[in-house]
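What follows is calculated from the coordinates using simple rules that are stated; it is not laboratory data. Just so we're clear, the structure is a prediction, and the values are computed from it rather than from any experiment. Note that each Cβ is placed from the backbone with ideal geometry, even for glycine, and that neighbours are counted across all protein chains shown.
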């Protein structure tokens, strides 16, 4: 069983998400975004590697380890009001911390990650799970998070690449979008949902999107909440 997934994002009028590129300058989406984040009462929030790297406090982990570890989930803690989930399939982030804002870290890895990296995660008190050999199986990751940690409601707060992968996999149940009174206007700027070269031709498996709520917030921000219904997809391993 997977958690209920809400993609919660802030964008410009043209759907771009890098705030430093927004014009006019000086608009801060943070207060409205964070206020709504707390109202969802989610058990976890999830980001990708690029966003996650901004939270890292260490430069790198040692290159070698005299220990070997099974490729199975390891949890420093299973009890928290909310977990910070980070997709890091190749094990690139050296954390130097065990939580983000008090929410314990859980990293989603692939099997090929080195023992040295796992030793670094354990030393930092960072929990981890495995969800794929060479590429992440997002559906499997959600099932593990639900079964092992009881995560029933998850906020997806990508990266456009991460959001796009969840969208194409049919794993998003709701979209919460704060449209800000700014524009980016640049070709190739990251958007709410993006794709890489290998999956750019894959269409989302959405059957229907229904607007459930719209609300004008402070400073010209408009909040849109959509219910997403996906077509059935094959489960991992089938």
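Below, the figures for the structure above:
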{"read-out": "Highest average packing first - 102-112, 18-28, Cβ atoms within 10 Å", "value": "102-112, 18-28"}
{"read-out": "Residue 212 paired with residue 103, simple spin-label distance in nm, labels 7 Å along Cα-to-beta-carbon", "value": "1.9"}
{"read-out": "Cα long-axis angle, helix 138-149 against the chain (0 to 90 degrees, to the nearest 10)", "value": "70"}
{"read-out": "Burial ranking of peptide ranges 91-100, 55-64 (average Cβ count within 10 Å, highest at the top)", "value": "91-100, 55-64"}
{"read-out": "C-alpha long axis of helix 115-124 to longest principal axis of the chain, angle in °", "value": "70"}
{"read-out": "Cα shape, the stretch 75-200, gyration tensor, a/c 1.5 rule", "value": "prolate"}
{"read-out": "Rel. contact order, % - alpha carbon contacts under 8 angstrom, at least six apart, the stretch 145-238", "value": "34"}
{"read-out": "10 Å-binned pair-distance histogram of the chain (Cα, whole percent)", "value": "7, 31, 35, 21, 5, 0"}
{"read-out": "Inter-centroid distance (Cα atoms) of the stretch 104-150 relative to the stretch 42-66, Å", "value": "11"}
{"read-out": "The stretch 87-149 pair-distance distribution - Cα-Cα, 10 Å bins, rounded %", "value": "23, 53, 24, 0"}
{"read-out": "5 Å binning of all Cα-Cα separations within the stretch 1-95, expressed as whole percents from 0 upward", "value": "2, 8, 14, 19, 20, 15, 10, 6, 4, 2, 0"}
{"read-out": "Angle in degrees between helix 30-39 and the longest Cα principal axis of the chain, rounded to the nearest 10", "value": "70"}
{"read-out": "Inter-part distance where the stretch 1-16 and the stretch 160-182 are each reduced to a Cα centre, Å", "value": "3"}
{"read-out": "Shape of the stretch 169-238, Cα gyration tensor, a/c cut at 1.5", "value": "oblate"}
{"read-out": "Beta bridges by DSSP in the stretch 1-134, antiparallel share as percent, to the nearest 5", "value": "20"}
{"read-out": "Computed [θ] at 222 nm, deg cm²/dmol, the chain (DSSP H ≥ 4; -39,500 (n - 2.57); rounded to nearest 500)", "value": "-5500 deg cm²/dmol"}
